[in-house]
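The values are calculated or read from the model by the stated rules, or taken from the named source; none is laboratory data. Quick caveat, the model's predicted, so the values are computed rather than measured. Positions of Cβ are generated from backbone atoms using ideal geometry, with glycine treated the same way; all protein chains shown enter the neighbour counts. Keep in mind that these areas ignore ligands, DNA and RNA; they rest on the heavy atoms of the full protein, side chains included. Shrake-Rupley method; radii C 1.70, N 1.55, O 1.52, S 1.80 Å.
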Amino acid sequence: MLALPLRLLPGQDLRAALQTVLLEHGLAAAFVVQGIGSLSVAQLRLAGASQATTLRGDLEILTLAGTLSPDGAHLHMALADAQGRVTGGHVGAGCIVRTTAEILLALLPEQRFSRRPDPTTGFAELAIAARAAPP
């Protein structure tokens, strides 16, 4: 496991930036250990909802965690608005960094994460495998 601290800049899409880091490192598995910072726009799918809710304004990232794979990310985030109200859920595309996002990734070069349909849950769930050695 390799630790990779990151700082995302204003205007970056949080989810897209994390997926790009995984691909740039030629990896197939990583964990987002923790993240803090701020957003101007957030797309969160709340528990049990089928669509994302858009939040706008000065939003503080209280926590960010999840998994990254070539098939996509599974991220959860808790945010506080300017009144201190906290909202959390699944992170969607379109979460835009306001001032900074400071994130710690755990890169797993010997693993491969993928998302596969699970008939029990009805969702594409994490599948973990050893990464094949290069030919």
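Observations, loosely collected:
- For G11, the conditions (1) outside any loop (DSSP other than H, G, I, E, B); (2) open to solvent by less than 70 Å² (accessible area, probe 1.4 Å) are fulfilled apart from (1).
- Of the criteria (1) in a loop (DSSP other than H, G, I, E, B); (2) closer than 22 Å to E125 by Cβ; (3) open to solvent by 50 Å² or more (accessible area, probe 1.4 Å), which one A49 fails: (3)
- Residues satisfying the stated conditions in the range 14-39, i.e. part of a strand (DSSP E or B) and either open to solvent by less than 40 Å² (accessible area, probe 1.4 Å) or free of Cβ contacts under 8 Å to residues at least 12 places away in the same chain (or both): A28, A30, V32, G35, G37, S38, L39
- Yes/no for E102 being open to solvent by 70 Å² or more (accessible area, probe 1.4 Å) and in contact with a Gly (Cβ under 6 Å, 6 or more places away or on another chain): yes
- Test for A65: is it open to solvent by 30 Å² or more (accessible area, probe 1.4 Å) and outside any strand (DSSP E or B): no
- Test: residue in the range 77-87 that is within 26 Å of Q111 (Cβ to Cβ) and surrounded by 12 or more Cβ atoms within 10 Å (Cβ to Cβ): yes
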